[in-house]
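*Asks:* Right, I'll just put the structure down here and ask away after.
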Amino acid sequence: MKEQIIYEDNHLLVINKKVGQLVQGDKTGDESLLESIKNFIKIRDAKPGNVFLGLVHRIDRPTSGLVIYAKTSKALSRLTQMVKNREVKKTYWAVVGKEMIPQSQRLVHYLKKNEKNNKAIVFPKATEGAKEAILTYHVIKTLDNYLLLEIDLETGRHHQIRAQLSKTGVPIKGDLKYGAPRSNPDGGINLHARKLEFIHPVTKENIEIIAHVPQNDAIWRACEE
């Protein structure tokens, strides 16, 4: 756990989540990062009572990268509001197949969540029950068989990046749910929450945090070289 903590102070803690880790408990009953971090802090800081820790935002289980947890209720309420107001800038990296796509593009779609299969349905136009989803991507590296995209989110919808890139003809490497031809050996997908930028909710300083990509993946390592 210690090596996964990228940033920590009295108010918040930022983790570099591994592929397969849950950010918070779900119906699988598997231990979540929320519980693991609480236990880690309790032992490390020799806390006698319960440890307060609140999840500020989520990323999908097969995704890796940065997740913010709040260590105080004040930080939790302020950060949650900041995420809602889009005051936390999130930058992602995604590895996609080497297709002919524009070097840079702003994608606007409308997404509707299908609860049965836990998947986002993508519509090109405004549709009843669908929410607007906007992102901008830039191709920042070309590998032998893949492209590395840097993605800036304007909205935060369920499976947004996965669904929008798939609709554009470039599903994320390993993402079978959204049309990738093959799975990854670790069961994850090549989507990584790379960078977070925000004003600290208490100290008001500018915070910018970058997370290394998973080092057990040769394609990811090539992206970071």
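The values are calculated or read from the model by the stated rules, or taken from the named source; none is laboratory data. What you see is a predicted model; the values in this text were computed from it and never measured. Methodologically, a virtual Cβ is constructed for each residue, glycine included, from the backbone with ideal geometry; neighbour enumeration extends over all protein chains shown. The accessibility values were calculated without ligands, DNA or RNA, using every heavy atom of the protein model including side chains. Shrake-Rupley method; radii C 1.70, N 1.55, O 1.52, S 1.80 Å.
*Asks:* Spot the failing condition for V51; the list is (1) open to solvent by less than 30 Å² (accessible area, probe 1.4 Å); (2) outside any strand (DSSP E or B); (3) aliphatic (A, V, I, L, M); (4) touching a Phe, Trp or Tyr at 6+ places or on another chain (Cβ under 6 Å), and only one is missed.
*Replies:* Looking at each condition in turn, V51 falls short on (4).
*Asks:* Here's something else I'd like to know. Of all residues in region 9-32, count the ones that are among the hydrophobic types (A, V, I, L, M, F, W, C) and closer than 18 Å to I189 by Cβ.
*Replies:* Adding up the residues that qualify gives 3.
*Asks:* Continuing with this model, one more query. Between K38, K84, K17, which is over 19 Å from I209 (Cβ atoms), open to solvent by less than 60 Å² (accessible area, probe 1.4 Å) and charged (D, E, K, R)?
*Replies:* Selected residue: K38, the only one of K38, K84, K17 that is over 19 Å from I209 (Cβ atoms), open to solvent by less than 60 Å² (accessible area, probe 1.4 Å) and charged (D, E, K, R).
*Asks:* Still on this structure: State all residues of region 120-148 that are farther than 16 Å from W220 by Cβ, in a strand (DSSP E or B) and of a type in the set (K, R); if no residue qualifies, say none.
*Replies:* The one that is farther than 16 Å from W220 by Cβ, in a strand (DSSP E or B) and of a type in the set (K, R): K131.
*Asks:* Let me ask you something else. For the list (1) crowded, with 17+ Cβ neighbours inside 10 Å; (2) under 23 Å from K84 (Cβ atoms); (3) among the polar types (S, T, N, Q), I need the number of the one condition that S166 fails.
*Replies:* Among (1) crowded, with 17+ Cβ neighbours inside 10 Å; (2) under 23 Å from K84 (Cβ atoms); (3) among the polar types (S, T, N, Q), the lone unmet condition for S166 is (2).
*Asks:* Moving on. Between I189, I151, which is surrounded by 13 or more Cβ atoms within 10 Å (Cβ to Cβ), in contact with a strand residue (DSSP E or B) (Cβ under 6 Å, 6 or more places away or on another chain), assigned to a loop (DSSP other than H, G, I, E, B) and at pLDDT 95 or above?
*Replies:* I189
*Asks:* Taking the condition modelled with pLDDT of 95 or more, among the β-branched types (V, I, T) and under 22 Å from L191 (Cα atoms), does V108 pass?
*Replies:* Yes; evaluated as a whole, the condition is true for this residue.
*Asks:* Mind checking which pairs have a first residue in region 69-91 that is in a helix (DSSP H, G or I) and a second that is open to solvent by 80 Å² or more (accessible area, probe 1.4 Å), Cβ under 8 Å, 6 or more apart or different chains?
*Replies:* That search, which allows pairs on different chains as well, returns S73/F52.
*Asks:* Same structure, new question: Name every residue in region 192-212 that is crowded, with 21+ Cβ neighbours inside 10 Å, of a type in the set (A, V, I, L, M, F, W, C) and not in a strand (DSSP E or B), in order of residue number.
*Replies:* The answer is A211, and nothing else.
*Asks:* Quick check on L33: is it modelled with pLDDT under 95 and open to solvent by less than 20 Å² (accessible area, probe 1.4 Å)?
*Replies:* Here the answer is yes, as L33 does meet what is asked.
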